[in-house]
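Since every read-out is calculated from the coordinates, none of them should be taken as a lab result. Here the structure is a predicted model, which is why all the values come from computation and not from measurement. Glycine gets a Cβ as well: all are built from the backbone with ideal geometry, and neighbour counts include every protein chain shown.
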């Protein structure tokens, strides 16, 4: 059973389009995250949710909007895609915030290519 | 504020040689420290973590790391490299004052030569 799953795995789209990436975890965790990994492998946090409540919202263009319908799901919607949005997007989860002491479990990633 | 510096973006070792990946952190409160590994086209997975207690932490696949507060370091070691250890390694820091946010280093690519 996949602990943290993301769909789709690959996403190729044109500039200006709107797209969504879905994430689900079956670990019973309270906290979920979205990360962006660029072509140099640098990993940056975008958002985190705890029990469906937004906790972390880094400096991310407001074209990116996360949505957490329940604790097990955290989706990422991106409006008006730009070339610079091309990256690998990772979803992750952790048991709870626990002051940051819990490790994170990562999904397999979604490779987004904007043409 | 918290930050992580991984010294050496690329490390190359021979199979059977010692692996040493360096990580220094900055944190205004006691840190929690993690090492994650990323194999090609996969997500990150935890190798080991330090929260409190014993400063020498053992992880999966024969890796270990030692928390040295005086040196603000958390270097990752493995006595004998295997070809299968070739991957990207990330050090991360978090703290109780930062809403569970982990800050990741820029990563170190480990190459293992036969």
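Normalising the average separation of contacting C-alpha pairs (under 8 angstrom, six or more residues apart) by the number of residues puts the relative contact order of the range A:1-61 at 23 percent.
If you take the beta carbon distance between residue A:79 and residue B:3 as r and set R0 to 35 Å, what does 1/(1 + (r/R0)^6) give as a FRET efficiency, to the nearest 0.05? After rounding to 0.05, the efficiency reads 0.65.
Dividing the C-alpha radius of gyration of chain B by 2.2 N^0.38 Å, with N its residue count, gives 1.02.
Size of the protein assembly as shown from its Cα atoms: along the principal axes, largest to smallest, the extents are 49, 39, 33 Å. Is the C-alpha gyration tensor of the range A:62-115 telling us rounded, prolate or oblate? Criteria: a/c under 1.5 is rounded; beyond that, a/b larger than b/c is prolate, otherwise oblate. Here the range A:62-115 falls in the prolate category. A simple spin-label model places pseudo-atoms 7 Å from Cα toward Cβ; at residue A:44 and residue B:83 they are separated by 3.8 nm. Each Cα pair under 8 Å and six or more residues apart adds its separation to the average, and for chain A the resulting relative contact order is 37 percent. Rounded, prolate or oblate: which fits chain A when a ≥ b ≥ c are the square roots of the eigenvalues of the alpha-carbon gyration tensor, with rounded for a/c under 1.5 and prolate only if a/b beats b/c? Verdict is prolate for chain A. Relative to the compact-globule estimate of 2.2 N^0.38 Å, the Cα radius of gyration of the range B:1-46 comes out at 1.42.
Along its principal axes, the range B:30-79 has C-alpha extents of 36, 24, 17 angstrom, given from the largest down.
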